[in-house]
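Everything below concerns the one structure shown next.
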Amino acid sequence: MSADLHIHTNQSDGTFSPEETVKMAAAAGLKTISLTDHDNVDGLEAAEQIAARVGLELIPGIEMTTETAQAEIHILGYYLDRRNPGLLEVLARIQASRIERIHTIVQKLKSLGVEIEASDVFALSGEKSPGRPHVARALIKKGLVLNFREAFKRYLDFRAPAYVPHFKLTPTEAIKLIKSAGGIAVFAHPAISKADDLIPELITSGLRGIEAYYLGHYADQVDYYVELGRKNGLLLTGGSDFHGEDSGRETKLGDFSIPDELVDKLRDEHSRGN
Ligand code: AMP
Ligand code: ZN
Ligand code: FE
Ligand code: FE
């Protein structure tokens, strides 16, 4: 039995509902999961109910999108209080900004001659944390690109022509927000973010863990971040970043997992903090 602490649902850019995701995780033999939707905790309540019913340990989670001038950095938050008013207030502002951002991305695409409407994107996302993967799916559906790869490379990547920045939140602000909501802040997929130089500053701001075990990390990267985490007294976490079907990723729940001991340490840290 084992754990996957990085999973998306249709409350952001995953394709399965929180309920379906919990059931699939249990069926795949996972013992503990965390749902970590982008900038959103709306799926957690329904997930908790199903998790209790199927006997799966569910750690409340979130993945917050932050940006610096150099990089996009994702900060995971575990055990945060999904009802915390300060958290919900910031998330509501981020959600409004994500909706606005889709309109701006669509305008940029139109100016590039790509005939797509915001409504095509919202038809796929609802208004829950809409993002670039929903734009990519809409482009594929309209036959304007072949696949996710092309959508991101031609239009949506960080430096591609239809890129639009996110709500301005620094990694430090996200860490403090997670902390203020009772959560444990963890640096997500560090090898993808490529911002190791920021780690000391993030630790000073309250970062307590690093996602060394990430499905998208090569083995040598895992080793490197395990060592870096140990040296800095950080908790080690891990996950698959499962997004469901048609998400430009091939993985299934249960394909990747981390040992229970890592979850025990995370849980202990949470128990000590409260
Ligand atoms: P957004 O929150 O709108 O910036 O979208 C970011 C999400 O897009 C990431 O969390 C990934 O799920 C997805 N993503 C980013 N780059 C790619 C890519 N090249 N291929 C597929 N999905 C990607
Ligand atoms: Zn995503
Ligand atoms: Fe991420
Ligand atoms: Fe993710």
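The values are calculated or read from the model by the stated rules, or taken from the named source; none is laboratory data. Remember, it's a predicted structure, so these values are computed and weren't measured experimentally. Heads up, the Cβs are rebuilt from the backbone with ideal geometry, glycines too, and the neighbour counts pull from every protein chain shown. In case anyone asks, the SASA skips ligands and DNA or RNA and just uses the protein heavy atoms, side chains included. Shrake-Rupley method; radii C 1.70, N 1.55, O 1.52, S 1.80 Å.
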- Which of the residue pairs Lys153/Lys194; Lys142/Lys168; Lys23/Lys252; Lys194/Lys252 have a Cα-Cα distance greater than 22 Å in the structure shown? Lys142/Lys168; Lys194/Lys252
- Label point 7 Å beyond Cα of Val164 along Cβ direction - residues of the range 117-134 with amide nitrogen under 13 Å: 117-122, 130-134
- Item | Pairwise FRET efficiency - Glu115 versus Arg272, Cβ, R0 = 45 Å, nearest 0.05 | 0.25
- Query: For the pair Asp246 and Ala27, how long in nm is the line joining their label points, each one 7 Å along Cα→Cβ?
  - Reply: 1.9
- Query: So, in Å, what gap is there between the alpha-carbon centers of the range 119-185 and the range 193-219?
  - Reply: 21
- Task: Which order do the peptides 13-19, 29-35 take when ranked by the mean count of other beta-carbon atoms within 10 Å per residue, highest first?
- Result: 29-35, 13-19
- Query: Where the accessible area of the chain is counted over protein heavy atoms with a 1.4 Å probe, how much of it, in %, is carbon and sulfur?
  - Reply: 51
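Given contacts defined as C-alpha pairs under 8 Å and at least six residues apart, what's the relative contact order of the chain, whole-number percent?
Reported as a whole number, the value is 24 percent.
Is the range 91-156 rounded, prolate or oblate when judged by the Cα gyration tensor, a ≥ b ≥ c being the square roots of its eigenvalues, rounded requiring a/c under 1.5 and prolate requiring a/b larger than b/c?
Taking the square roots of the gyration eigenvalues as a ≥ b ≥ c, the range 91-156 is prolate.
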- Query: Excluding ligands, DNA and RNA, what is the solvent-accessible area per residue of the chain at a probe of 1.4 Å, expressed in Å²?
  - Reply: 45
- Note on the structure: Pseudo-spin-label distance Ala123 to Tyr218, built 7 Å along Cα→Cβ, given in nm, is 4.1
- Net lengthening on full extension, Lys194/Glu261 (0.36 nm per residue, minus Cα-Cα): 21.4 nm
- Which residues does a label at Glu20 reach in the range 55-71, if reach means a backbone N under 11 Å from a point 7 Å past the Cα toward the Cβ? none
